[in-house]
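The values are calculated or read from the model by the stated rules, or taken from the named source; none is laboratory data. It should be emphasised that the depicted structure is a prediction, and the values quoted were computed from it without experimental measurement. We place every Cβ from the backbone using ideal geometry, glycine too, and count neighbours over all the protein chains shown.
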Amino acid sequence: MNNIFLIGFMGSGKSAVCSRLHELTGMEVIEMDASIVDSEQMSINDIFASKGEEYFRDLETNLIKLISEESNKAVSCGGGAILRPANVEYMKKSGKIVLLSATPETIYERVKDSTNRPLLNGNMNIPYIAELMKKRQPRYEAAAEITIDVNGKTLDEICNEIIEKTRQ
Ligand code: S3P
């Protein structure tokens with residue numbers, strides 16, 4: 001219980017926020033993507049390419065179920081972790097869901113040089129990001145208990161807002 005699940009589009013800053021939260025609060029961090037890469041001994045790109053997206057989504061669901069039995073963790077969720085309603089239920093039962101919200105322009109600036117996000121490989125442009133974000137937005141908003149607009153804010157501003165709002 002008392003976990004914090006950071007959700008949001010790829011590149012919204014979930015990992016950076018989690019590690020700063022760790023420094024500020026001592027909360028242990030769980031990086032969903034890194035845990036999956038560790039347990040499968042395969043990159044996210046390779047999992048998508050050789051086993052398919054559904055297989056990856058099953059791994060996410062299994063992991064979220066395990067995390068929901070933990071306490072006091074700051075969890076950096078994969079950007080698609082909210083796509084299955086069951087995942088959101090597990091998160092809600094064991095903590096607070098915090099959405100990091102950023103514009104497609106901010107996202108693009110942060111992800112444009114990355115090659116390890118299979119959904120963006122070959123689609124690295126603002127219109128594609130905007131379209132995928134629009135499709136997912138209702139899921140992000142329905143899942144979120146707290147929303148933080150991260151555009152133009154420093155890591156510390158974001159983290160302090162999260163600490164304040166999750167303690168209320
Ligand atoms: C995904 C986001 C990625 C990773 C995978 C799929 C998504 O995580 O889980 O590439 O569907 O949005 P990040 O949000 O950490 O980049």
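One residue alone among Gly8, Gly52 is modelled with pLDDT of 95 or more, closer than 23 Å to Thr115 by Cα, small (Gly, Ala, Ser) and near the ligand (Cβ under 10 Å from one of its atoms), and that residue is Gly8.
Within the stretch 69-83, residues that are in contact (Cβ under 8 Å) with a residue 24 or more places away in the chain sit with their Cβ atoms under 8 Å from residues that are among the β-branched types (Val, Ile, Thr) and more than 16 Å from the ligand (Cβ to nearest atom), at 6+ positions apart or across chains, in these pairs: Ala74/Thr25.
What do you reckon, is Thr147 among the polar types (S, T, N, Q), under 17 Å from Ala16 (Cβ atoms) and surrounded by 14 or more Cβ atoms within 10 Å (Cβ to Cβ)?
Here the answer is no, as Thr147 does not meet what is asked.
If you check Glu70 against the conditions, is it farther than 22 Å from Asn116 by Cα, more than 11 Å from the ligand (Cβ to nearest atom) and touching a Lys or Arg at 6+ places or on another chain (Cβ under 6 Å)? For Glu70, the condition - farther than 22 Å from Asn116 by Cα, more than 11 Å from the ligand (Cβ to nearest atom) and touching a Lys or Arg at 6+ places or on another chain (Cβ under 6 Å) - is not met. Would you mind stating whether Ala81 is crowded, with 17+ Cβ neighbours inside 10 Å, closer than 23 Å to Lys165 by Cα and out of contact with any strand residue (DSSP E or B) (no Cβ under 7 Å at 6 or more places or on another chain)? Answer is no for this residue.
Among the residues of the stretch 85-105, are any touching a Lys or Arg at 6+ places or on another chain (Cβ under 7 Å), over 22 Å from Asp38 (Cβ atoms) and away from the ligand (no atom under 12 Å from the Cβ)? I'd like the intermediate steps shown before the answer.
In the first step, residues of the stretch 85-105 are kept if they are touching a Lys or Arg at 6+ places or on another chain (Cβ under 7 Å); the result is 90, 100.
If we keep only those that are over 22 Å from Asp38 (Cβ atoms) too, we end up with 100.
Now narrow it down to the ones that are away from the ligand (no atom under 12 Å from the Cβ): none.
No, the conditions are met nowhere in the stretch 85-105.
Filtering the stretch 16-33 to residues that are within 11 Å of the ligand (Cβ to nearest atom) and within 15 Å of Leu66 (Cα to Cα) leaves Glu31, Met32, Asp33. When the criteria are applied in full, Ile146 fails the requirement of being over 16 Å from the mean Cα position of the chain (by Cα), at pLDDT 95 or above and away from the ligand (no atom under 16 Å from the Cβ). Picking from residues in the stretch 8-31 that are free of Cβ contacts under 8 Å to residues at least 40 places away in the same chain and assigned to a helix (DSSP H, G or I), the one that is surrounded by the fewest Cβ atoms within 10 Å (Cβ to Cβ) is Glu23.
In the stretch 32-74, the residue that is farthest from Gly13 (Cα to Cα) out of those that are of a type in the set (A, V, I, L, M, F, W, C) and loosely packed, with under 14 Cβ neighbours inside 10 Å is Ala49.
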